[in-house]
C-alpha cells in the first residue's frame, strides 16, 4: 500500500489553471463570483463557509468545461449545496479523457489549486485502495474533470475543513460500472459524504440536435436509472463524456430514497454564438422519493 497523502508526498499540481480557469487567485475568485452572479447562474453568491441550514444533499452532477462556458451552470449546484448542512467531505467521480492509468483510479495525493491545497481524506483513501480502486496519481495528472470542481468547493468551504476523494472512471461495460458503484457505497459505509459526478453532455452538435439527445439523458438521470442512462448513451450514440462516472454514481445510490432535481440546463452557445455546441446540466441529488417534474 502506498503512503497516504501528507507533507512527504507533493500535492497533485493543477493542469488547467490558466486555460479552463484563471491561474491568479484573485482572478479565479472573480471568475467564481461571476459564475454565481451571472444571469445564466443562480444570480447570487452562495451562503458563505458552508453555513447552510437545509438538509444535506446526497450528491450532485455538474459540468466541467471552461468556466466561461459551464461555470454558471455548475454554480447552480454549488449555490444549492451552500444552503445545506452537507459535510465538507466529497467523493468526486470524473472522466478519464486521456485513457491514462488504471480503469478506476483513486488519487492518493492532496490537490493543489491557485486557492490552496485540498486534502484527500486519508481514511477513505485507505478503504477504497484496499477494496475497490487502484491508487494511481498518474491517471489524474492531465485530467481536468475533477480539477475544475475544486475551486468551487474551496469557494464554499474553508480549505482546512474540506476533504475530497478523487476517482477517475474509465468507460467500461455496464456490469463493471454497476459493480464499482455498489463497491463505492460499501466502502463509504456510514461516513457522511457528498457524491459528485462530473460530466458534460452532447459534444459539438447543432444546437437542436444536441438538445434533443440531451433530453434523453436528462430523463434517464431524473429516473435515477443507471442502466437506462448507460443504454441510451451507448445505443443512441450520445456523446456524453461522463456517462461512466454518472452511471457509477447512480449505481451507488440504487435503492436509496433519493430525488434528482434538475437545477439548470444550458449549452456553450449560451456563452457565445457558435454553430455546434456542448451541452451542460446541473443536478442536485436530494433525500426523498421521486424525481423533479
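Every number here is computed from the coordinates shown, using simple stated rules; none is lab data. Worth saying up front: this structure is predicted, and the values here are computed from it rather than measured. Here the Cβ is made from the backbone with ideal geometry for all residues, glycine too, and neighbour counts use every protein chain on show.
For region 156-293, the relative contact order works out to 31 percent when only alpha carbon pairs closer than 8 Å and six or more residues apart are counted. Each residue, residue 215 and residue 123, gets one label point 7 Å from its Cα in the Cβ direction; the gap between the two is 4.7 nm.
Here the simple spin-label model places points 7 Å from the Cα toward Cβ, and for residue 141 and residue 159 these points are separated by 2.3 nm. Expressed as a fraction of 2.2 N^0.38 Å, the value expected for a compact globular protein of N residues, the C-alpha radius of gyration of region 2-144 is 1.11.
Treating r as the C-beta distance of residue 38 and residue 227 and R0 as 25 Å, the FRET efficiency rounds to 0.10. Site pair residue 83 and residue 186 shows an inter-label distance of 3.7 nm when each label is modelled 7 Å from Cα along Cα→Cβ.
Sequence-distant contacts, meaning Cα pairs under 8 Å at least 6 residues apart, place the relative contact order of the chain at 24 percent.
Using only alpha-carbon positions in region 177-293, the gyration tensor eigenvalues give semi-axes of 27, 14, 12 Å once each is multiplied by 5 and square-rooted (largest first). Rounded to the nearest 0.05, the FRET efficiency derived from the C-beta distance between residue 51 and residue 29 at R0 = 25 Å is 0.85. Peptides 201-207, 254-260 ranked from most to least packed, by the mean per-residue count of other Cβ atoms within 10 Å: 201-207, 254-260. Peptides 77-88, 240-251, 180-191 ranked from most to least packed, by the mean per-residue count of other Cβ atoms within 10 Å: 240-251, 77-88, 180-191.
Calculated mean residue ellipticity, 222 nm, the chain: -10500 deg cm²/dmol, from DSSP H runs (n ≥ 4) at -39500 (n - 2.57) each, averaged per residue and rounded to 500. As a rough guide to protection, the peptides 99-109, 60-70, 14-24 ranked by mean Cβ packing within 10 Å, highest first, stand as 60-70, 99-109, 14-24.
Reported to the nearest whole Å, the Cα centre-to-centre distance from region 56-78 to region 126-205 is 15.
Once C-alpha pairs closer than 8 Å and six or more residues apart are averaged by separation and normalised to the residue number of region 123-215, the relative contact order reads 40 percent. Expressed as a fraction of 2.2 N^0.38 Å, the value expected for a compact globular protein of N residues, the C-alpha radius of gyration of region 174-229 is 1.44.
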